[in-house]
Amino acid sequence: MNRPRVVSHAEWERARDALLSEEKEATRLLDALAAKRRRLPMTPVSGDHTFTGKDGQASLADLFDGRRQLIVYHFMFEPGSEHRCEGCSMFVDNLPHLAHLNARDTSLVLMSPAPYAEIAPFAERMGWTVPWYSAHGNDFYAELGQGTGFAVNVFLRQDGEIYRTYHTSGRGVETLGTTWTLLDLTPLGRQETWEDSPEGWPQEPPYAWWRLHGEYAR
């Protein structure tokens, strides 16, 4: 194995400081990208689709669970398939406690084309409690042009209408998994005063909304 050079502590600090400068620049670029996401146009989505989850049938509006924003992770699980996607499973294993997203007026659900009767045993086997819905029998995937691959879609509910605001797949999903990276995909963002957001967006001081996950009001 070709290991890194061994140097003095002083030389290591100089090299680390040089890299830190690049890392901070990368962070600034990511913040700028998130600001552009918050200004993306949005497109209306039909609210007529019916999904099936743990508690029975639900509309697209129901998936928001009373909140303004919805993040949907499309889990690769086709009807009748014996394959259980390792990559999608790793994604779900890395999701944060949903209370932190909920505190930012954001819900997150999983969705697959397979019937819920096929989804439920796997969710139980994996010990997941993230809401998981079946799109079997509706044309929601077709409306999104989604196909059956993995992806993330973000939606906003406003004035009784539902809009699609963002989509990513492939390596765009790899960096996700924290409350902050997921909120950065949404039109409202983290809702903190340092963010570059359109005028009128809800914002409050950084850290002011943070709680232990059991101490948020709904």
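Angle between the Cα long axis of helix 116-126 and the longest principal axis of the chain, 0 to 90 degrees, nearest 10? It works out to around 40 degrees.
The L33 and A208 beta-carbon pair, evaluated with R₀ = 30 Å, returns a calculated FRET efficiency of approximately 0.80. Length gained on full extension, L144 to S169: 7.7 nm, using 0.36 nm per residue less the C-alpha separation. Remark: relative contact order (the chain) = 26 percent; criterion is Cα-Cα distance under 8 angstrom and separation of 6 or more residues.
By the count of other C-beta atoms within 10 Å, a proxy for reagent exposure, L60, L33 are ordered fewest to most as L33, L60. Amide hydrogen proximity for W132: with H placed 1.01 Å from N in the peptide plane, the residues at 5 or more positions away or on another chain lying under 5 Å are K54, L110. Under 5 Å between amide hydrogens, built in the peptide plane, is the criterion, and for I162 it picks out V45 among residues at least 5 positions away or on other chains.
Would you mind telling me the antiparallel percentage of the DSSP bridges in the chain, rounded to 5? Here the share of antiparallel DSSP bridges comes out near 70 percent. From most to least packed by mean Cβ count within 10 Å, the peptides 115-123, 184-192, 21-29 give 184-192, 115-123, 21-29.
Among 94-100, 195-201, how do they line up by average Cβ neighbours within 10 Å per residue, starting with the highest?
Answer by packing, highest mean first, reads 94-100, 195-201.
Readers should treat all values here as calculations from the given coordinates under stated rules, not as data from a laboratory. Here the structure is a predicted model, which is why all the values come from computation and not from measurement. Cβ coordinates were reconstructed from backbone atoms using ideal geometry, including for glycine residues, and neighbour counts include every protein chain displayed.
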